[in-house]
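Colleague: Next up is a structure, given as structure tokens.
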Amino acid sequence: MSTPGPRPMRIGNAEREAAVRALGEHYAQGRLDQEEYEERTTAAYAARTSDDLVPLFEDLPRDEQTTTVLPAPTVATPARRDSRDPEAPYGREPTTGMPYSDRYKVVAGVLQLLLPFGIGRFYTGHMGIAVAQLLLSFVVIGVVWAFIDGIVILAGRPTDPRGRPLRP
């Protein structure tokens, strides 16, 4: 008669969130494409045991952050995390792991609403859109466009010209 191996441990929301954060780091590093990232995060949120998380990271390099998520044969030490990330000096967006821009979403939206001449787009660095809104403001349609654009900035997920999300 063989002795059964250790039973997989049930995990909670904290472990699921840690796995999603680790997947976000791999996504931000370009190791996962958008579709694969979404599939793996869906599987991480559906995981019930620590063994359910293992396949999500099998083909990814292990680093300090993933050792706290995945079961290890030895006792895992808490991950050291430097509070300053040189690639993301303003932090990272929690859902995608993308580094934040140095510009603020609220400032861009309010500038667009109060000064509807493309000023908010000048602030975010989208010079082409900003110049178009400024020139069209003489024909009134630019003012309407800039005003609606301000609402979209405030309600949406705007980015800077480099594709980084604006800070909340």
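Colleague: Are there any pairs with C-beta distances below 8 angstrom linking a residue in region 33-61 that is within 16 Å of Glu15 (Cβ to Cβ) and open to solvent by 90 Å² or more (accessible area, probe 1.4 Å) to a residue that is assigned to a helix (DSSP H, G or I) and modelled with pLDDT under 90, with the two at least 6 apart or on different chains, and if so which?
Modeller: Tyr45/Arg16; Tyr45/Val20
Colleague: Has region 106-126 got any residue that is under 30 Å from His26 (Cβ atoms), touching a residue at least 60 places away in the same chain (Cβ under 8 Å) and open to solvent by less than 70 Å² (accessible area, probe 1.4 Å)?
Modeller: Taking every residue of region 106-126 in turn, none turns out to be under 30 Å from His26 (Cβ atoms), touching a residue at least 60 places away in the same chain (Cβ under 8 Å) and open to solvent by less than 70 Å² (accessible area, probe 1.4 Å).
Colleague: Here's something else I'd like to know. Go through region 74-92 residue by residue and tally those that are modelled with pLDDT under 85 and either in a loop (DSSP other than H, G, I, E, B) or within 18 Å of Gly12 (Cβ to Cβ) (or both).
Modeller: Looking only at that region, the number is 13.
Colleague: Here's something else I'd like to know. Are any residues in region 21-31 touching a residue at least 12 places away in the same chain (Cβ under 8 Å) and either farther than 20 Å from Arg164 by Cβ or open to solvent by 10 Å² or more (accessible area, probe 1.4 Å) (or both), and if so, which ones? Step through it out loud before you land on a result.
Modeller: Going through region 21-31, the residues touching a residue at least 12 places away in the same chain (Cβ under 8 Å) turn out to be 21-28, 31.
Within region 21-31, Arg21, Ala22, Glu25, Tyr27, Ala28, Arg31 meet the criteria.
Colleague: Here's something else I'd like to know. Within region 154-168, track down each residue that is at negative phi, under 17 Å from the mean Cα position of the chain (by Cα) and either surrounded by 15 or more Cβ atoms within 10 Å (Cβ to Cβ) or not in a helix (DSSP H, G or I) (or both). Let's see the steps before the verdict.
Modeller: Looking only at region 154-168, we keep the residues that are at negative phi, and these are 154-162, 164-168.
Next cut, under 17 Å from the mean Cα position of the chain (by Cα) only: 155-162, 164-168.
Scanning region 154-168 gives Gly156, Arg157, Pro158, Thr159, Asp160, Pro161, Arg162, Arg164, Pro165, Leu166, Arg167, Pro168.
Colleague: Restricting attention to region 133-153, which residues are touching a Phe, Trp or Tyr at 6+ places or on another chain (Cβ under 8 Å) and either surrounded by fewer than 20 Cβ atoms within 10 Å (Cβ to Cβ) or under 14 Å from Tyr104 (Cβ atoms) (or both)? So that I can check it myself, show each step before the final result.
Modeller: Here is the first cut: in region 133-153, the ones touching a Phe, Trp or Tyr at 6+ places or on another chain (Cβ under 8 Å) are 133-134, 136-137, 142-143, 146.
Within region 133-153, Leu134, Leu136, Ser137, Gly142, Val143 qualify.
Colleague: Within the bounds of region 19-32, is there any residue that is at pLDDT below 85, among the hydrophobic types (A, V, I, L, M, F, W, C) and assigned to a loop (DSSP other than H, G, I, E, B)? Reasoning before the result, please.
Modeller: Here is the first cut: in region 19-32, the ones at pLDDT below 85 are none.
Checked against the condition, which is being at pLDDT below 85, among the hydrophobic types (A, V, I, L, M, F, W, C) and assigned to a loop (DSSP other than H, G, I, E, B), region 19-32 yields no hits at all.
Colleague: Do we find a residue being at pLDDT 75 or above and part of a helix (DSSP H, G or I) anywhere in region 59-73? Don't jump to the end; show me each part of the working.
Modeller: Taking region 59-73 and keeping what is at pLDDT 75 or above, we get 59-62.
Retained after the next criterion (residues that are part of a helix (DSSP H, G or I)): none.
The answer is no, given that none of the residues of region 59-73 is at pLDDT 75 or above and part of a helix (DSSP H, G or I).
The values are calculated or read from the model by the stated rules, or taken from the named source; none is laboratory data. The structure displayed is predicted, hence computed values, not measured ones. Positions of Cβ are generated from backbone atoms using ideal geometry, with glycine treated the same way; all protein chains shown enter the neighbour counts. Remember, those area values only see protein heavy atoms, side chains included, never the ligands or the DNA or RNA. Shrake-Rupley method; radii C 1.70, N 1.55, O 1.52, S 1.80 Å.
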